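Pasting in a structure now, in structure tokens, and then I'll have a few things to ask.
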Ligand SMILES: *Cc1c(COP(=O)(O)O)cnc(C)c1O
């Protein structure tokens, strides 16, 4: 479980840390780089927001896992920053599973293009400084459990499909899906990484 601490103060993060929590998630680069140096170095920092290509360099030195990789261009930039730092950077590809226009993510076609182009040992353009470990997705913001479940199932199916491909460079082990409102459903659909914010830290005032 990743404790999503976006918009919350360092003191809230420390309180959860003192209870043993080590995985934290942030969404905004500026906020992330302000908080990170103030906190213990054994925290595993997950970047779960939309990442702009020109901001990768700010988080590349310390990020544990980037969840929202949603373009070929972004993946290549992460690879470039990893090479500069001599550090392999772990990522998840974000898939668009909701029926909402606004949520980021790859469609199935774009996803499979990236897999074939970069992630198989037979791929024409291997990216040695990124380690793509799985998929991430966000279901529709809805009370319709049947809809949410079908979206999670869709992501799990893609995850299983890619996991089973021969010649995959890095094994697919992480399926990041589920938030405060839908994590039990996500787990029942095969999630092994949930991102929980408001249920831990309370409602956010903005963002
Ligand atoms: C904010 C956020 C979360 C946590 O949301 P809650 O509903 O507060 O649990 C999880 N994932 C992403 C990508 C987010 O932006």
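Is one or more of the residues making up the range 163-180 part of a helix (DSSP H, G or I) and more than 8 Å from the ligand (Cβ to nearest atom)?
There is at least one residue in the range 163-180 that is part of a helix (DSSP H, G or I) and more than 8 Å from the ligand (Cβ to nearest atom).
Give me a count of the residues in the range 1-19 that are under 21 Å from residue 191 (Cβ atoms) and more than 10 Å from the ligand (Cβ to nearest atom).
Number of matching residues: 2.
Run residue 175 past the list (1) free of Cβ contacts under 8 Å to residues at least 60 places away in the same chain; (2) over 19 Å from residue 110 (Cβ atoms) and report the number of the one that doesn't hold.
In the conditions (1) free of Cβ contacts under 8 Å to residues at least 60 places away in the same chain; (2) over 19 Å from residue 110 (Cβ atoms), residue 175 misses (2) alone.
For the range 108-119, which residues satisfy the criterion of being surrounded by fewer than 16 Cβ atoms within 10 Å (Cβ to Cβ) and in contact with a strand residue (DSSP E or B) (Cβ under 8 Å, 6 or more places away or on another chain)?
Correct list: 108 only.
Also, quick follow-up: Just one of 197, 178 is over 16 Å from residue 95 (Cβ atoms), buried (at least 19 other Cβ atoms within 10 Å of the Cβ), under 18 Å from the mean Cα position of the chain (by Cα) and modelled with pLDDT of 95 or more; which is it?
Every option except 197 fails the conditions.
Read through the list (1) within 13 Å of the ligand (Cβ to nearest atom); (2) touching a strand residue (DSSP E or B) at 6+ places or on another chain (Cβ under 8 Å); (3) in a loop (DSSP other than H, G, I, E, B), then give the number of the only condition that residue 139 fails.
For residue 139, the failing item is (2).
Pick from the range 149-160 the residues that are touching a helix residue (DSSP H, G or I) at 6+ places or on another chain (Cβ under 9 Å) and surrounded by fewer than 23 Cβ atoms within 10 Å (Cβ to Cβ): which of them is farthest from residue 105 (Cα to Cα)?
If we take residues in the range 149-160 being touching a helix residue (DSSP H, G or I) at 6+ places or on another chain (Cβ under 9 Å) and surrounded by fewer than 23 Cβ atoms within 10 Å (Cβ to Cβ), then 149 is farthest from residue 105 (Cα to Cα).
Condition check: more than 16 Å from the ligand (Cβ to nearest atom) and crowded, with 16+ Cβ neighbours inside 10 Å. Does residue 81 satisfy that? Write out each step before concluding.
On the way: more than 16 Å from the ligand (Cβ to nearest atom): yes; crowded, with 16+ Cβ neighbours inside 10 Å: yes.
Yes; evaluated as a whole, the condition is true for this residue.
The values are calculated or read from the model by the stated rules, or taken from the named source; none is laboratory data. Owing to the predicted nature of the structure, the values given are computational and were not obtained by experimental measurement. Cβ atoms come from the backbone with ideal geometry, glycine included; neighbour counts cover every protein chain shown.
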